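Here's the structure we're looking at; comments come further down.
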Amino acid sequence: MYAVLEPSVERVLLIDTRRPQSYAAVADAAATVSPAAARKLTFLEADLRSVAAVATELADIGGGDERDVADGRLRAGGSGAAEPEGTCAAGVGGDSDSGAAAAAFAAAGLLRASREGGGLGIVAVHACGSLTDSALALGAMLRVPVAVMPCCYGGTNAACGSGTGGKKGRWRAPLGVRRALGVALSADVARSFEMSARGFDVDWSAVPRCVTPMNRVLIAEPVKRAAGP
(Lines give C-alpha, C1' and ligand atoms only; values in the text may rest on other atoms or scores of the structure.)
Protein backbone atom coordinates (compact mmCIF):
# COMPACT_ATOMS: atom_id res chain seq x y z
CA MET A 1 0.00 0.00 0.00
CA TYR A 2 2.86 2.36 0.76
CA ALA A 3 4.32 1.77 -2.68
CA VAL A 4 0.93 2.38 -4.29
CA LEU A 5 -0.24 5.43 -2.33
CA GLU A 6 3.01 7.38 -2.06
CA PRO A 7 4.17 8.31 -5.58
CA SER A 8 7.31 10.00 -4.24
CA VAL A 9 8.55 6.76 -2.68
CA GLU A 10 11.17 5.20 -4.94
CA ARG A 11 11.69 1.89 -3.15
CA VAL A 12 10.05 -0.21 -0.45
CA LEU A 13 12.18 -2.86 1.26
CA LEU A 14 10.03 -5.45 3.07
CA ILE A 15 11.72 -7.50 5.79
CA ASP A 16 10.28 -10.51 7.57
CA THR A 17 11.56 -13.92 8.59
CA ARG A 18 9.22 -15.59 6.08
CA ARG A 19 7.29 -14.38 3.11
CA PRO A 20 3.56 -14.59 3.93
CA GLN A 21 1.50 -16.97 1.81
CA SER A 22 -0.70 -14.05 0.76
CA TYR A 23 2.23 -11.91 -0.37
CA ALA A 24 2.14 -12.81 -4.07
CA ALA A 25 -1.61 -12.20 -4.34
CA VAL A 26 -1.37 -8.85 -2.54
CA ALA A 27 1.61 -7.77 -4.64
CA ASP A 28 -0.21 -8.74 -7.85
CA ALA A 29 -3.27 -6.74 -6.76
CA ALA A 30 -1.07 -3.74 -5.98
CA ALA A 31 0.60 -4.02 -9.38
CA THR A 32 -2.82 -4.08 -11.06
CA VAL A 33 -3.72 -0.78 -9.39
CA SER A 34 -0.26 0.73 -9.85
CA PRO A 35 2.14 -1.07 -12.21
CA ALA A 36 4.96 1.13 -10.92
CA ALA A 37 4.45 -0.26 -7.41
CA ALA A 38 5.75 -3.70 -8.37
CA ARG A 39 9.05 -2.20 -9.49
CA LYS A 40 9.48 -0.54 -6.10
CA LEU A 41 9.14 -3.68 -4.00
CA THR A 42 11.90 -5.88 -2.65
CA PHE A 43 11.26 -8.64 -0.10
CA LEU A 44 14.08 -10.01 2.05
CA GLU A 45 13.60 -12.96 4.37
CA ALA A 46 15.57 -11.84 7.40
CA ASP A 47 15.16 -11.26 11.13
CA LEU A 48 14.72 -7.57 11.91
CA ARG A 49 16.68 -8.03 15.15
CA SER A 50 19.62 -9.26 13.10
CA VAL A 51 19.30 -6.39 10.65
CA ALA A 52 19.44 -3.87 13.52
CA ALA A 53 22.42 -5.62 15.13
CA VAL A 54 24.37 -5.93 11.88
CA ALA A 55 23.61 -2.32 10.93
CA THR A 56 25.15 -1.19 14.22
CA GLU A 57 28.20 -3.38 13.57
CA LEU A 58 28.63 -2.08 10.03
CA ALA A 59 28.18 1.53 11.16
CA ASP A 60 31.14 1.03 13.47
CA ILE A 61 33.21 -0.17 10.50
CA GLY A 62 32.40 2.97 8.49
CA GLY A 63 34.37 4.26 5.56
CA GLY A 64 32.17 2.57 2.99
CA ASP A 65 33.59 -0.86 3.85
CA GLU A 66 30.23 -2.11 5.06
CA ARG A 67 29.19 -3.07 1.49
CA ASP A 68 32.24 -5.35 1.17
CA VAL A 69 31.39 -7.01 4.48
CA ALA A 70 27.76 -7.44 3.44
CA ASP A 71 28.76 -8.89 0.05
CA GLY A 72 31.00 -11.39 1.82
CA ARG A 73 28.19 -12.50 4.10
CA LEU A 74 25.81 -12.76 1.16
CA ARG A 75 28.23 -15.09 -0.61
CA ALA A 76 28.77 -17.04 2.61
CA GLY A 77 25.02 -17.52 2.79
CA GLY A 78 25.09 -19.46 -0.43
CA SER A 79 23.93 -16.80 -2.83
CA GLY A 80 26.03 -15.01 -5.38
CA ALA A 81 23.14 -12.84 -6.41
CA ALA A 82 23.58 -9.12 -6.76
CA GLU A 83 21.21 -6.64 -5.24
CA PRO A 84 17.64 -7.80 -5.92
CA GLU A 85 15.75 -5.42 -8.16
CA GLY A 86 12.64 -5.24 -10.27
CA THR A 87 9.56 -7.10 -9.21
CA CYS A 88 8.81 -8.45 -5.77
CA ALA A 89 10.37 -11.88 -6.30
CA ALA A 90 13.48 -11.02 -4.33
CA GLY A 91 13.30 -13.22 -1.27
CA VAL A 92 16.41 -14.83 0.18
CA GLY A 93 16.40 -18.40 1.47
CA GLY A 94 15.06 -19.17 4.92
CA ASP A 95 17.95 -21.12 6.49
CA SER A 96 20.19 -19.53 9.11
CA ASP A 97 23.14 -18.81 6.79
CA SER A 98 21.13 -17.15 4.05
CA GLY A 99 19.03 -15.33 6.64
CA ALA A 100 22.17 -13.85 8.18
CA ALA A 101 23.42 -12.89 4.71
CA ALA A 102 20.11 -11.20 3.93
CA ALA A 103 20.29 -9.29 7.21
CA ALA A 104 23.79 -8.07 6.33
CA PHE A 105 22.65 -7.05 2.86
CA ALA A 106 19.63 -5.15 4.22
CA ALA A 107 21.71 -3.45 6.91
CA ALA A 108 24.30 -2.27 4.37
CA GLY A 109 21.61 -0.94 2.06
CA LEU A 110 19.89 0.97 4.85
CA LEU A 111 23.17 2.49 5.98
CA ARG A 112 23.95 3.67 2.46
CA ALA A 113 20.49 5.17 2.05
CA SER A 114 20.70 7.02 5.36
CA ARG A 115 24.13 8.45 4.49
CA GLU A 116 22.96 9.56 1.07
CA GLY A 117 20.14 11.54 2.69
CA GLY A 118 17.53 10.24 0.31
CA GLY A 119 14.51 10.43 2.62
CA LEU A 120 14.80 7.01 4.25
CA GLY A 121 12.12 6.04 6.78
CA ILE A 122 11.24 2.91 8.74
CA VAL A 123 7.74 1.52 9.30
CA ALA A 124 6.94 -1.49 11.49
CA VAL A 125 3.36 -2.72 11.53
CA HIS A 126 2.51 -5.14 14.34
CA ALA A 127 6.14 -6.06 14.92
CA CYS A 128 5.63 -8.49 17.78
CA GLY A 129 7.04 -7.66 21.19
CA SER A 130 10.69 -6.66 21.09
CA LEU A 131 10.67 -6.49 17.27
CA THR A 132 9.11 -3.06 17.75
CA ASP A 133 12.13 -2.12 19.87
CA SER A 134 14.43 -3.39 17.11
CA ALA A 135 12.68 -1.13 14.59
CA LEU A 136 13.06 1.82 16.94
CA ALA A 137 16.71 0.88 17.52
CA LEU A 138 17.33 0.86 13.79
CA GLY A 139 15.68 4.24 13.32
CA ALA A 140 17.65 5.70 16.24
CA MET A 141 20.96 4.36 14.93
CA LEU A 142 20.33 5.58 11.38
CA ARG A 143 18.75 8.83 12.65
CA VAL A 144 15.79 8.55 10.31
CA PRO A 145 12.04 8.89 10.94
CA VAL A 146 10.39 5.73 12.26
CA ALA A 147 6.74 4.81 12.78
CA VAL A 148 5.72 1.69 14.68
CA MET A 149 2.37 0.08 15.43
CA PRO A 150 3.22 -2.23 18.37
CA CYS A 151 1.47 -5.46 19.26
CA CYS A 152 2.03 -8.57 21.38
CA TYR A 153 3.44 -6.85 24.44
CA GLY A 154 4.43 -10.06 26.20
CA GLY A 155 7.97 -9.73 27.49
CA THR A 156 8.18 -5.97 26.98
CA ASN A 157 7.62 -5.41 30.70
CA ALA A 158 11.08 -6.87 31.40
CA ALA A 159 12.87 -6.04 28.17
CA CYS A 160 11.57 -2.56 27.32
CA GLY A 161 14.49 -0.29 26.64
CA SER A 162 17.01 -3.01 25.83
CA GLY A 163 16.60 -2.42 22.09
CA THR A 164 17.61 1.24 21.91
CA GLY A 165 19.08 2.30 25.21
CA GLY A 166 21.91 -0.19 25.34
CA LYS A 167 21.20 -1.20 28.94
CA LYS A 168 18.45 -3.73 29.60
CA GLY A 169 15.43 -2.22 31.28
CA ARG A 170 16.87 1.31 31.24
CA TRP A 171 13.59 2.87 30.23
CA ARG A 172 11.19 0.40 31.80
CA ALA A 173 8.28 2.29 33.33
CA PRO A 174 8.16 2.37 37.16
CA LEU A 175 6.07 -0.29 38.87
CA GLY A 176 3.32 2.17 39.83
CA VAL A 177 3.02 3.35 36.23
CA ARG A 178 2.83 -0.22 34.95
CA ARG A 179 0.12 -1.03 37.49
CA ALA A 180 -1.88 2.08 36.64
CA LEU A 181 -1.53 2.00 32.86
CA GLY A 182 -1.02 -1.69 32.13
CA VAL A 183 1.81 -3.39 30.29
CA ALA A 184 0.98 -2.16 26.78
CA LEU A 185 0.51 1.52 27.48
CA SER A 186 3.41 1.76 29.95
CA ALA A 187 5.71 0.01 27.45
CA ASP A 188 4.89 2.57 24.78
CA VAL A 189 5.37 5.41 27.25
CA ALA A 190 8.81 4.00 28.06
CA ARG A 191 9.63 3.66 24.36
CA SER A 192 8.62 7.28 23.81
CA PHE A 193 10.86 8.54 26.62
CA GLU A 194 13.74 6.47 25.30
CA MET A 195 13.47 7.79 21.76
CA SER A 196 13.16 11.31 23.14
CA ALA A 197 16.40 10.76 25.06
CA ARG A 198 17.99 9.64 21.79
CA GLY A 199 17.19 13.00 20.20
CA PHE A 200 13.81 12.31 18.60
CA ASP A 201 10.51 14.15 18.70
CA VAL A 202 7.85 11.55 19.50
CA ASP A 203 4.14 11.79 18.75
CA TRP A 204 1.28 9.31 19.01
CA SER A 205 -1.42 8.62 16.48
CA ALA A 206 -3.80 5.76 15.69
CA VAL A 207 -5.58 3.99 12.88
CA PRO A 208 -9.31 3.28 13.23
CA ARG A 209 -10.09 0.47 15.67
CA CYS A 210 -12.20 -1.20 13.00
CA VAL A 211 -8.91 -1.93 11.21
CA THR A 212 -7.23 -3.41 14.28
CA PRO A 213 -7.80 -3.09 18.04
CA MET A 214 -4.02 -2.75 18.51
CA ASN A 215 -4.06 0.52 16.66
CA ARG A 216 -1.65 2.84 18.45
CA VAL A 217 1.10 4.34 16.29
CA LEU A 218 4.30 5.83 17.67
CA ILE A 219 5.99 8.31 15.33
CA ALA A 220 9.55 9.41 16.05
CA GLU A 221 11.44 11.99 14.00
CA PRO A 222 15.02 13.13 14.59
CA VAL A 223 15.28 16.55 16.15
CA LYS A 224 16.88 18.84 13.62
CA ARG A 225 20.29 19.91 14.81
CA ALA A 226 20.95 23.62 14.75
CA ALA A 227 23.23 24.70 11.95
CA GLY A 228 26.71 25.82 12.98
CA PRO A 229 27.84 29.46 12.81
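Restricting to the stretch 1-15, and then to whatever is in a loop (DSSP other than H, G, I, E, B) and open to solvent by 50 Å² or more (accessible area, probe 1.4 Å), can you tell me which residue is nearest to Ser50 (Cα to Cα)?
Arg11
In the stretch 16-42, which residue that is among the aliphatic types (A, V, I, L, M) and open to solvent by less than 50 Å² (accessible area, probe 1.4 Å) is modelled with the lowest pLDDT? Steps first, please.
Filtering the stretch 16-42 down to residues among the aliphatic types (A, V, I, L, M) leaves 24-27, 29-31, 33, 36-38, 41.
Then drop every residue that is not open to solvent by less than 50 Å² (accessible area, probe 1.4 Å), which leaves 27, 30-31, 36-38, 41.
Numbers: Ala27: 86, Ala30: 85, Ala31: 86, Ala36: 84, Ala37: 82, Ala38: 79, Leu41: 85.
Among those residues, the one meeting the criterion is Ala38.
Quick one: in the stretch 208-229, of everything that is among the hydrophobic types (A, V, I, L, M, F, W, C) and closer than 17 Å to Ala135 by Cβ, which residue is farthest from the chain's Cα centre (by Cα)? Spell out how you get there, then give the answer.
Here is the first cut: in the stretch 208-229, the residues among the hydrophobic types (A, V, I, L, M, F, W, C) are 210-211, 214, 217-220, 223, 226-227.
So of that shortlist, the ones also closer than 17 Å to Ala135 by Cβ come out as 214, 217-220.
On the way: Met214: 18, Val217: 14, Leu218: 13, Ile219: 13, Ala220: 12 Å.
Among those that are among the hydrophobic types (A, V, I, L, M, F, W, C) and closer than 17 Å to Ala135 by Cβ, it is Met214.
Checked against (1) at pLDDT below 85; (2) surrounded by fewer than 17 Cβ atoms within 10 Å (Cβ to Cβ); (3) not in a loop (DSSP other than H, G, I, E, B), Gly169 passes all but a single condition, namely (3).
Within the stretch 100-140, the set of residues being of a type in the set (A, V, I, L, M), in a helix (DSSP H, G or I) and under 11 Å from the mean Cα position of the chain (by Cα) comprises Ala106, Ala107, Leu110, Leu131, Ala135, Leu136, Ala137, Leu138, Ala140.
The values are calculated or read from the model by the stated rules, or taken from the named source; none is laboratory data. All values derive from a computational prediction rather than experimental measurement. Virtual Cβ from ideal backbone geometry, glycine too; neighbours counted across all protein chains shown. In case anyone asks, the SASA skips ligands and DNA or RNA and just uses the protein heavy atoms, side chains included. Shrake-Rupley method; radii C 1.70, N 1.55, O 1.52, S 1.80 Å.
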